[in-house]
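Here's the structure, in structure tokens; my notes come after.
The values are calculated or read from the model by the stated rules, or taken from the named source; none is laboratory data. Just so it is clear, the model here is predicted, and its values are computed rather than measured. Glycine gets a Cβ as well: all are built from the backbone with ideal geometry, and neighbour counts include every protein chain shown. Areas reflect the complete protein model, heavy atoms only, side chains present, ligands, DNA and RNA absent. Shrake-Rupley method; radii C 1.70, N 1.55, O 1.52, S 1.80 Å.
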Amino acid sequence: MLENFVNFLNRSPTVYAAAREITTRLAEADFAPLTEGEKWKLELGKGYFVTREDSLVAAFRLPKKAPSSVVLLASHIDSPALKIKPHPELSSHGIGQLGTEVYGGPLLHTWLDRDLAVSGRIVVLDHNGQCESKIIHLDDYPVIIPGLAIHLDRSVNDKGILVHKQDHLKAIFSIRSKEKHLEDWLRKHHSFNKLLSFDLFLVPVEKAAFLGFEDELIASYRMDNLTSAFASLDALVKASPRSNTLQMSIFWDHEEIGSKTYAGAESLFVNQILERICMQFKMDREDYYRLKSRSLCLSCDVGHGFHPGYADKYDPQNATLLGKGPSLKFSARYATNGATAAPLVRLAEQQKIPLQTFASRSDISSGGTVGAIMAANLGIPTVDLGIPCWAMHSIRETISAQDEISLCNLLKAALEEPLIHPEEA
């Protein structure tokens, strides 16, 4: 499983690549593709998936009869990053640079002095005059954002690195710059008539790797939140079908910038999919609302793992440790409460899966997830959980390998076992 996870990480440098990797693996597991614009004809017990804008994926397996409940696994597949601007190329004293903007909340200093590739999506006019989207990854000529020598800033080790978002985050691609370097680079690898637009990011060339004396750690870019996406995908593909429970996984875009987009968790995407599924079973609105009330959403995102070098940043009774299992996340910004946490606690005990609880210090607010957004918009009880992580939002994040296995096992069990209504087993 872990080698499979590492391969998933390496094949998913951007949200677009991750969505493609997810749909490829779903198709290999006999899930059938759907489009939003077609009329759906669904078969009992069969799996399906649908995508939106190359970056949002929903997958589900129908039960053997009309569903009376839903177990929904929710994660996101975007990550904090540096996004290339629409007109990115500039030159200073012959040094060619690509202008970037900050996407989400990355730890900016971790992007300095790294070999970086260009990855994402381009939209082109093909040779037949049709618009076409292409998922691209250019790593044959890495670019770099050099830091400043300590001789020119003697206080840097005492006061920290101040990274100016406009001035300091331009990636150097040449000391002999020329116009249209980026388009020429794209044409080297992809055939098209005209470049219309793009959504491109800088991503590290360095691959995911096992660390520690016993390979007990995994370090990679985009652990936030490919850890949860992989576990949700693995659980759905491997889970046994239920008689009357709809099993579903959703992989959102734009969580890192607030989710208020066409492909984000504030959209009506999941509501519309659930309505369309209910119509296949001739269920009315009353049945639809009853279905929601008997369901559970598991919002999965990484959490802050206890860092021994910064012990004062954690609540000592509610810190989570790497290697000790997934954690239920409690705070005013999470959807977890006593009622939604209880089924997961019970399930973990039954399956002998270690489970922790997390709450942040009262004077340090935690980050947000799609959990509260989905609970409010979708009207389904929701719990927030995830595995602990070091250096969240860094270009190189670290998790425990065993925690990833435990999360996969917990989510699979959540799809297979009755969580809220034991009489439906």
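The table that follows gives values for the structure above.
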read-out	value
R0 of 51 Å, Cβ-Cβ distance GLN130-HIS93: FRET efficiency to nearest 0.05	0.75
Set of lysines near LYS352 by C-alpha distance (under 29 Å), chain-local residues within fewer than 8 positions excluded	LYS64, LYS238, LYS292, LYS324, LYS329, LYS412
Farthest toward positive dipole pole in the chain [+1 Lys/Arg, -1 Asp/Glu at C-beta], among VAL143, THR261, GLY368	THR261
Chain lengthening between LEU107 and LYS352 when straightened (0.36 nm per residue, less Cα-Cα)	84.6 nm
Per-residue SASA entry for ASP312, accessible area with 1.4 Å probe, Å² rounded to 10	100
Additional length obtainable on full extension of the chain from VAL345 to ALA32, 0.36 nm per residue less Cα span	109.3 nm
DSSP-defined beta bridges in the chain - what % are antiparallel, rounded to 5	70
Cα lying deepest toward the dipole's positive end in region 17-133, options PRO106, ALA117, THR35, charges on Cβ	THR35
Net dipole in debye of the chain [+1 Lys, Arg Cβ; -1 Asp, Glu Cβ; about Cα centre; nearest 20]	640
All-pairs Cα distance distribution in region 7-104, expressed in whole percent, bin size 5 Å	3, 10, 15, 17, 16, 10, 9, 7, 5, 4, 2, 1, 1, 0
Protein accessible area in region 1-157, 1.4 Å probe - carbon and sulfur %	49
Shape call, the chain: gyration tensor on alpha carbons, a/c limit 1.5	oblate
VAL345 accessible area, 1.4 Å probe, all protein chains in place, Å² to nearest 10	60
Charge dipole (debye, nearest 20) of region 46-191; +1 at Cβ of Lys and Arg, -1 at Cβ of Asp and Glu	620
Computed over the chain: relative contact order in percent, which uses C-alpha pairs under 8 Å that are six or more apart	22
Cα-based helix-to-principal-axis angle, 401-416 vs the chain, degrees rounded to 10	40
Span per principal axis, largest first, for the Cα atoms of region 244-339 (Å)	57, 29, 23
Ranking by accessible area, most exposed first, for ILE95, ILE122, ILE373 with a 1.4 Å probe	ILE95, ILE373, ILE122
Region 171-277 - charge dipole about Cα centre, Lys and Arg +1 at Cβ, Asp and Glu -1, debye rounded to 20	580
Inter-probe distance in nm under a simple model that places probes 7 Å from Cα toward Cβ, at ARG333 and HIS164	2.9
Helix 338-351 axis, angle to the chain major axis (alpha carbon atoms, nearest 10°)	90
Dipole axis of the chain (+1 Lys, Arg; -1 Asp, Glu on Cβ), positive-most option in LEU328, SER232, HIS164	SER232
Largest-first ordering by accessible area, 1.4 Å probe, given options ASP184, ASP315, ASP78	ASP184, ASP315, ASP78
DSSP-defined antiparallel bridges as percent of all bridges, region 1-154, nearest 5	90
Under 18 Å from the ARG52 label point (7 Å along Cα→beta-carbon), backbone N, region 23-40	23, 33-40
Accessible area in the full protein assembly, largest first, 1.4 Å probe, for TYR141, TYR314	TYR141, TYR314
Net charge contributed by nearby residues that have their C-beta within less than 13 Å of CYS408 (K/R +1, D/E -1)	-2
Packing-based ranking, highest mean first, of 34-42, 204-212 given that Cβ atoms within 10 Å are counted	204-212, 34-42
Summed residue charge, Cβ within 15 Å of CYS131's Cβ, Lys/Arg positive, Asp/Glu negative	-2
Residues of the chain: accessible area per residue with a 1.4 Å probe, Å²	45
Rounded, prolate or oblate (a/c below 1.5 giving rounded, otherwise prolate when a/b exceeds b/c) for region 303-384 by Cα gyration tensor	oblate
Carbon plus sulfur fraction of accessible area for region 234-329, probe 1.4 Å, in percent	52
